[in-house]
Every structure is written in C-alpha cells, then in structure tokens.
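Single-structure report; data block below.
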Amino acid sequence: MDPYRLIKDEIVYELTIRKQSTEGTVAELRKRLYSVLAVRTSIDKDVLKGLVVEDELQTCSEKFKYLTDAFDECAGTTLTVTDVKRLESRILHVANRVKRLGDEGNVLYIQLESLYGKLKSAAKTTPVPPDPKPTNPEPAASTSGTRLNKPDPKIYKWGLTFSGDTTGVSLGDFLDEVEDKRVSRKVSKAELFESAVDLFSGTARIWYRANHEKLQSWEDLKPHIVGVLGYYLPTCPGEPNAIIDDRAT
C-alpha cells in the first residue's frame, strides 16, 4: 500500500488507527503516513474497537463500488502502470480495513480479493515495452560529443514539470506520468535523461543544474532527487504487497 496513491480520508483513517496526528496538508499527511508505515507503527486496538462497524461497512462498500467502476473503465481502454499502482494501493487499503471488522466484513472482503485478482491479471497482460532500439543504427559521428541524427523527442512539450515547491504534488505520481509518456512516445531512457532539465522547475531545476554532471543516467537521477528534496518514491517498506498478508492487524 502506497500512501501517495491514497486519497485524504483514507490517509486520515490509516493515521488515526495508529494514533498519529491528522493535522496538516494532504502532502504532509502522506509523508507522515509513509514514515509511520516504514517503522511499522502498530495499530491501536482500542481505536479499532471504537469504530462503528455499520459506518465502516458503508464507507468501504462505497469505495469498493467506485474502485470496481474505475477498474472496468481503465480495463476497457488501456491499463497504464499508473492505473495499476493507484488501484492496487486503494484496494489493499479497503481490503485491510474491511478485514479488521471481523466476520461482518467477510462478504465484502471476498469481493475485494476478487477485484484485486482481476487487477493483477490485467496488469500481466499490459507489460511495459522495453526501451526502443534503432533497427539501423547510424555510424558514430567523427566529431566528439555530436548526437546521432535523430529527431528531438521534445520532452518540454509533454507539459510535465516537477519543482518540489508545490504543496500536494506527489513525486511518485510525477515519475509515473513521465514513464507513461516515455513509453507511449517511444523515447528511450537515455534520451529522457539528456532532456531531463525540461522536466524540472523551481528548486528541482536549481538542484539539477548544480548536480547533473555527477549523474550518469535517468535511473541514477531518480534516487538522488528523491533524497535531496525529501520526497519518497512510491514504495512503502512498512506494508505487505499482498492482499492476503495483512500483518498490520
């Protein structure tokens, strides 16, 4: 379960059952939940006992209906990496939430398990294509540093930038959007890295300009900017990645 894929009321729930503060912006709450999950903060049983089962079932049933409709809509077109990660995290949140209700949530939990299985099956049929390779590579130019005669991917036209200054903007979502654009436009990671400056503004661009000579590739760049700007990639070490393995209860 990735906090950067959950909506506000889901984040508040996860913090509440761990007796953590729910004050602050959505961006602040996401960071707080990430940190809490990373250290495996235990769930308070007294808080769980205080939940109204009927209200929880109603809320989770509504979320299940929304997620089912969202999956059907995405599966009916093209299921992207972003779609899979977003739906997976939210399904895991709701399923674990229902499981904590005991026997009264069994029927809904089984339905969520089924939806989760459909999502994982659909994800297997939509693999991310590998980086495109030229079928007829041209010989390297004699002048050092000259690029091959290949069209400019015009990454600046994608309309995607990350500054690190804007409240509520998730770096994880931004990187997923960049990956979706890269794959759909058949841009290699090497080309993406060469034009990376066009993807950043504000604090992120200042950092990039000061450090780009130290970076070797797009994969090398990502963890550096995550660490420097204090954001987190969409991987949460504190939660299981399977709906049937809820160790947080």
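The figures follow:
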quantity	calculated
DSSP-assigned coil residues among chymotrypsin sites (Phe, Trp or Tyr not before Pro) in the stretch 31-102, each with at most 11 further Cβ atoms within 10 Å	none
Segment GLU194-VAL52, extension gain: residue separation times 0.36 nm, minus the distance between their alpha carbons	45.7 nm
Spacing of the two label points (7 Å from each Cα toward its C-beta) at ARG185 and HIS212, in nm	1.6 nm
Mean Cβ count within 10 Å, highest first, over the residues of peptides 88-97, 175-184	88-97, 175-184
Coil-residue GluC sites (Glu not before Pro) of the stretch 3-87, DSSP, other Cβ within 10 Å capped at 15	GLU23
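Values quoted throughout were computed directly from the atomic coordinates according to the rules given, and no laboratory measurement underlies them. These numbers were taken from a predicted model, which means no experiment stands behind them. Here Cβ is always computed from backbone atoms with ideal geometry, including for glycine, and neighbour counts include all displayed protein chains.
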